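Trainee: One structure, as structure tokens, below. Some questions next.
The values are calculated or read from the model by the stated rules, or taken from the named source; none is laboratory data. Remember, it's a predicted structure, so these values are computed and weren't measured experimentally. Here the Cβ positions follow ideal geometry from the backbone for every residue, glycine too, while neighbour counts run over all protein chains shown.
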Amino acid sequence: MRLKDKVAIVTGAGSGFGEGIAKRFALEGAKVVVNDVNAKGGERVTGEITAAGGQAVFAKGDVTRGPDWQAMVGKAESSFGRLDIVINNAGWTHRKKPFLEVTEAEFDQVYAVNVKSIYLSVMHALPVFRKQGGGCFVNVASTAGLRPRPGLSIYNSSKAAVILMSKSMAGEFGPDNVRINCVNPVFSPDTGLSAEFAGGTVTPETRKAYLSTIPLGRFSTPADVANACLYLASDEASMISGSCIEVDGARCV
């Protein structure tokens, strides 16, 4: 088991990529704190992990709020005695539309969920990592931060911020034996935000248009993203920090 006895927080784990990450980590021996703002989804995933023989607890929380992060980190320590890994997967986007139609409230929400959450995770988890002698963050950014699509400028820029902040933190926290990396998935029509990315219903025509931009000819799946996160969180990647893995079928080439 590649994560045996390690303790991981996975945000936004009540569905989509986060669910895939949480379940894969549990299969690899991790003790998982399943976070989501949606209690129904988070409790379902937690129950399915434990029913399959894994170890998991649910922590409802809004990743844009410091007290919720404090509670999540506290839940990891009180339930499992430590914290080794933080997977910042939770994300949000405004609907695809012209820049001038994005409201100030939408701008604030995108940056709060996608960027401020990374800051808060570090503020609350880094002291624990330093106390233990190390740890790692894996931030789920996006190919949008490298090769942006029109109509999603605010979202694109938020993911670019995640990528650059991750690289900068990797340099700063390396002496603490803390690693920070990113995973950049390509568009997936099977996640909760797919309609927002597409600007409306994901029709067969929309799927075909997005698929035509991916050389490998298929969309990223929760399993694809989970596998990349698993590698970066494992001891196999002990010399990998400040890197990004594009899980995109060569879309960014």
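Trainee: When the residues of the stretch 114-172 are filtered to those that are basic (K, R) and under 14 Å from the mean Cα position of the chain (by Cα), which remaining residue is nearest to A198 (Cα to Cα)?
Mentor: K159
Trainee: In the set S188, S166, which member is surrounded by 18 or more Cβ atoms within 10 Å (Cβ to Cβ), in contact (Cβ under 8 Å) with a residue 24 or more places away in the chain and in a helix (DSSP H, G or I)?
Mentor: Step by step, each of S188, S166 is checked, and only S166 is surrounded by 18 or more Cβ atoms within 10 Å (Cβ to Cβ), in contact (Cβ under 8 Å) with a residue 24 or more places away in the chain and in a helix (DSSP H, G or I).
Trainee: Given the condition at pLDDT below 95, β-branched (V, I, T) and within 16 Å of V247 (Cβ to Cβ), answer yes or no: does some residue in the stretch 154-163 qualify?
Mentor: No: the stretch 154-163 contains no residue that is at pLDDT below 95, β-branched (V, I, T) and within 16 Å of V247 (Cβ to Cβ).
Trainee: Quick one: count up the residues across the stretch 123-147 that are surrounded by fewer than 22 Cβ atoms within 10 Å (Cβ to Cβ) and in a helix (DSSP H, G or I).
Mentor: The qualifying residues number 8.
Trainee: Within the stretch 213-253, how many residues turn out to be surrounded by fewer than 19 Cβ atoms within 10 Å (Cβ to Cβ), assigned to a loop (DSSP other than H, G, I, E, B) and either in contact with a Phe, Trp or Tyr (Cβ under 9 Å, 6 or more places away or on another chain) or free of Cβ contacts under 8 Å to residues at least 24 places away in the same chain (or both)?
Mentor: Total meeting the criteria: 5.
Trainee: Let me ask something additional. Which one of these is under 30 Å from R130 (Cα atoms) and touching a Gly at 6+ places or on another chain (Cβ under 8 Å): S241, S168?
Mentor: From the options S241, S168, the qualifying one is S241.
Trainee: Still on this structure, I have one more. In the set V122, V110, V102, V115, which member is among the β-branched types (V, I, T) and under 24 Å from M239 (Cβ atoms)?
Mentor: Going through V122, V110, V102, V115 in turn, the sole match is V122.
Trainee: Evaluate the following for G171: is it in a loop (DSSP other than H, G, I, E, B) and either crowded, with 16+ Cβ neighbours inside 10 Å or at pLDDT 95 or above (or both)?
Mentor: Against the criterion (in a loop (DSSP other than H, G, I, E, B) and either crowded, with 16+ Cβ neighbours inside 10 Å or at pLDDT 95 or above (or both)), G171 does not qualify.
Trainee: Listed residues V33, V110; which is in contact with a His (Cβ under 9 Å, 6 or more places away or on another chain) and without any contact (Cβ under 8 Å) to a residue 60 or more places away in the chain?
Mentor: The match here is V110.
Trainee: May I ask you to list the residues in the stretch 79-111 that are surrounded by fewer than 22 Cβ atoms within 10 Å (Cβ to Cβ) and either closer than 21 Å to L230 by Cα or touching a strand residue (DSSP E or B) at 6+ places or on another chain (Cβ under 9 Å) (or both)?
Mentor: S79, F80, G81, R82, listed by residue number.
Trainee: Quick check on the stretch 196-212: of everything there that is surrounded by 16 or more Cβ atoms within 10 Å (Cβ to Cβ) and either part of a loop (DSSP other than H, G, I, E, B) or hydroxyl-bearing (S, T, Y) (or both), which residue is farthest from the chain's Cα centre (by Cα)?
Mentor: Selected residue: T206.
Trainee: Being surrounded by fewer than 24 Cβ atoms within 10 Å (Cβ to Cβ) and in contact (Cβ under 8 Å) with a residue 40 or more places away in the chain is the filter here, so list the residues in the stretch 17-30 that pass it.
Mentor: Within the stretch 17-30, G20, K23, R24, E28 meet the criteria.
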